[in-house]
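In what follows, a single structure is set out as structure tokens and then discussed.
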């Protein structure tokens, strides 16, 4: 599998990653190598195999009761925020 | 007191209780060694000296009063992937270079609750993605056995710290071998429990169907001591398994006679360094002497574990790492012109090359038109591999083989080719895909560098694995070796 520059630009956009002009060819090359490498998977006969998403097949993921268990700690959490005002997270304008 | 760092965690525990030394003396001794050796090794991202001394003083008071907690006063270091309340938690990334965790991970909370004294947070491959600890935003970690070599990864800082005896034990995480491979490359005992055995609450997520927390220690007994407190149900982790934790320490001395050991045929085929192969075979012969029966076992789909992993893990990482958006915490770029620009530049600047590569691989294999060909197929191959293991465990109690294809390699040797780097985990990834517990114990030296023996067991067979690995350490001295200059 060989990716083009356009492919990588598109993937980077979907992944919300800014990639510099100089770095693009490096990713075109390494991502193409990785995709060629994983093509070995085509050698396996998987026609009758169920996909496996979780290593403990018998395990059912629990649901917890919809109850408040945590105290309000937004001030503590927001100490890590890049920009805050009046208890709200600030981001660039979303709606014109 | 100069020899405190030569003691195991179990011996330190005994000494503390017998009042041969205090927890403060112990903390001071290791902090002084960190100060002396860390500039060379770069094993730490944060050293929490003052906090450690305060915790050690409290432990000493409790010890004096005779009401000490089970691990009271024992120093320990945490991989910087575990959230620690009020302490910088970077996950090896520039993205989190300013992130002070607002709560403790369950692993941190439980070990602190048992009395452990944290000395600091260890260096690691960024977001646990790497096999050499060269992907850290805080610089590579050096292997104390040879400082031109890598310590393995991603728990490379934890491994180097314990191997250099600047910390007596460390936590780590293992998504594709990140505890076992560095343990092998630095001459330590690395233990990865069954998926779901140890809570992952507060452990920064990489690949959620694979991640599991564990230990890097000198001995199996030390691993058992820590796991006793780390394992167990946690309602805050939806994948945490609600089964009782057996008596790990009590299981250590069980006789090994009658044990059926499967020799993993595929692990001894091409790619394994000759001397490493020889040493692992010698270890297997020792098990035969101890009364074990050796059977060659083939897992035909196992060679596909690396490609399956490098679809599944990046897919899960691309989803998990979408939370780093520059909005609520972590790095934000300067003067974003709009929301999209903020996302793209914050992430582009905050993440390193390998993390970006995996996010993009994951984005691609999950995208419309490619999902079936890559992701779904990898999940099917994952089942084939898991079924191979299940069949093997009908025949044998445990599987054995090498942990790593080669001993530690040179810093810089594999950085240019991601696929070559990925193949370092060829023997360890299978256990993660199947969610199995596995351990690596030192079994010799190749060209002066440590070699690891890997033991893989069925789900929740931790007690058995610890018993079997301990049986080997009773007969051998490899786990007691100390790298030159750190005696």
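Odds and ends about this structure:
- From the options B:365, B:398, B:312, residue that is buried (at least 24 other Cβ atoms within 10 Å of the Cβ) and either facing chain A (nearest Cβ under 7 Å) or in contact with a strand residue (DSSP E or B) (Cβ under 6 Å, 6 or more places away or on another chain) (or both): B:398
- Residues in region B:37-90 that are under 24 Å from residue B:153 (Cβ atoms) and free of Cβ contacts under 8 Å to residues at least 24 places away in the same chain: 1 in all.
- Of all residues in region B:334-360, exactly one satisfies the criterion of being touching a helix residue (DSSP H, G or I) at 6+ places or on another chain (Cβ under 6 Å) and free of Cβ contacts under 8 Å to residues at least 40 places away in the same chain, namely B:336.
- Matching residues, region B:229-253, being away from chain A (no Cβ under 14 Å) and surrounded by fewer than 19 Cβ atoms within 10 Å (Cβ to Cβ): B:232, B:244, B:245, B:246, B:247, B:249, B:250, B:251, B:253
- Selection from region A:1-53 of residues that are touching a residue at least 24 places away in the same chain (Cβ under 8 Å) and facing another protein chain (nearest Cβ under 7 Å): A:31
- Flag if residue B:102 is within 30 Å of residue A:61 (Cβ to Cβ) and without any contact (Cβ under 8 Å) to a residue 40 or more places away in the chain: yes
- Residue B:344 being facing chain A (nearest Cβ under 7 Å) and under 28 Å from the mean Cα position of the chain (by Cα): no
- Of all residues in region B:323-336 being facing chain A (nearest Cβ under 7 Å) and within 17 Å of residue A:13 (Cα to Cα), the one that is surrounded by the most Cβ atoms within 10 Å (Cβ to Cβ): B:326
- Among the residues of region B:418-436, those identified as within 11 Å of chain A (Cβ to nearest Cβ) and either within 16 Å of the chain's Cα centre (by Cα) or surrounded by fewer than 24 Cβ atoms within 10 Å (Cβ to Cβ) (or both) are B:418, B:419, B:420, B:421, B:422, B:423, B:431, B:432, B:433, B:435, B:436.
- All positions within region B:412-451 that are outside any loop (DSSP other than H, G, I, E, B), in contact with a helix residue (DSSP H, G or I) (Cβ under 7 Å, 6 or more places away or on another chain) and more than 17 Å from residue B:311 (Cα to Cα): B:438, B:439, B:440, B:441, B:442, B:443, B:444, B:446, B:450, B:451
- Out of A:71, A:81, one residue alone is at the interface with chain B (Cβ under 7 Å from one of its Cβ atoms) and part of a loop (DSSP other than H, G, I, E, B). It is A:81.
- Residue count for region B:238-277 under the criterion of being part of a loop (DSSP other than H, G, I, E, B), under 30 Å from residue B:421 (Cβ atoms) and touching a residue at least 60 places away in the same chain (Cβ under 8 Å): the result is 3.
- Qualifying residue in region B:402-411 (condition: part of a strand (DSSP E or B), more than 10 Å from every other protein chain (Cβ to nearest Cβ) and crowded, with 24+ Cβ neighbours inside 10 Å): yes
Read the figures in this text as sums done on the coordinates, not as results from a lab. Predicted, not measured: the structure shown is a model, and the values here were computed from it. All Cβ positions, glycine included, derive from the backbone under ideal geometry; neighbour counts span all protein chains shown.
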